[in-house]
Amino acid sequence: MVDIDGVISLFGGGVEGIGGGIVPSTRPAGIFQAIDGIPHFLSSAAATHLLTLAEDFDLVWCSGWEEKAEEYLPHLLGLPAGLPFLRFARMTGPPPAPAGSSLGGHWKLDAIDAYAGPRPLAWIDDAFDESCHVWAAARSAPTLLVQTAPAYGLDATEAQQLSEWARALVIS
């Protein structure tokens with residue numbers, strides 16, 4: 001499961017320095033692009049990592065972008081076309097958790113759980129909350145949550161973590 005904002009579309013132009021000042025950060029390589037009138041900095045480094053990860057994973061867009069991911073990202077970043085994407089229920093308040101369910105915390109959990117079923121799952125996102133960790137721990141299938149820093153997105157360290165996890169699943 002691949003989120004976009006904070007994973008591929010980066011934000012946060014600096015890092016806090018000594019004394020609370022903002023120090024310019026070094027962004028990975030990428031391009032600025034307007035998507036539906038909203039400016040985005042798209043990381044080509046994250047795209048390169050996803051291309052490598054596609055050798056071990058079935059990539060699925062897990063973002064509020066929904067079908068917009070397919071519309072823009074393959075031709076802008078050279079990512080594979082035709083990747084599935086999740087649709088999310090539109091709610092105006094926090095979702096009620098069904099009795100005996102760990103779902104109902106993070107707004108993506110119901111759609112992820114329905115799509116993944118009993119399969120192993122790795123989820124790359126910049127905004128996990130406690131309900132995500134509770135849900136992941138309760139799954140019967142192997143589950144890995146990989147959190148990115150929104151200013152840097154998916155980097156080499158996280159990509160290596162994901163590859164090692166996938167290969168360990170194959171071996172066991």
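The values are calculated or read from the model by the stated rules, or taken from the named source; none is laboratory data. In this text, all values refer to a predicted model and were calculated from it rather than measured experimentally. Cβ coordinates were reconstructed from backbone atoms using ideal geometry, including for glycine residues, and neighbour counts include every protein chain displayed.
Residue check: Pro150 meets all listed conditions (1) loosely packed, with under 14 Cβ neighbours inside 10 Å; (2) touching a residue at least 60 places away in the same chain (Cβ under 8 Å) but one, namely (1). On inspection, Trp123 qualifies as under 19 Å from Leu10 (Cβ atoms), at pLDDT 95 or above and of a type in the set (Phe, Trp, Tyr). Taking Thr157, is it closer than 21 Å to Ser9 by Cα and free of Cβ contacts under 8 Å to residues at least 40 places away in the same chain? Answer is yes for this residue. The single residue among Ser163, Ser131 that is at pLDDT 95 or above, farther than 26 Å from Gln33 by Cα and of a type in the set (Gly, Ala, Ser) turns out to be Ser163. Taking the listed residues Pro96, Pro80, Pro74, the one that is out of contact with any strand residue (DSSP E or B) (no Cβ under 9 Å at 6 or more places or on another chain) and modelled with pLDDT of 95 or more is Pro74, with no other qualifying. Within the range 113-126, residues that are surrounded by fewer than 16 Cβ atoms within 10 Å (Cβ to Cβ) have Cβ atoms under 9 Å from residues that are modelled with pLDDT of 95 or more and among the small types (Gly, Ala, Ser) in these pairs: Gly117/Ala141; Pro118/Ser140; Pro118/Ala141; Arg119/Ala141; Pro120/Ala141; Pro120/Ala166, counting only partners at least 6 apart in sequence or on another chain. Of all residues in the range 47-71, those that are touching a strand residue (DSSP E or B) at 6+ places or on another chain (Cβ under 8 Å) and not charged (D, E, K, R) total 10. Ala138 meets each of the listed conditions (1) surrounded by 14 or more Cβ atoms within 10 Å (Cβ to Cβ); (2) hydrophobic (A, V, I, L, M, F, W, C); (3) more than 21 Å from Asp56 (Cα to Cα) apart from (1).
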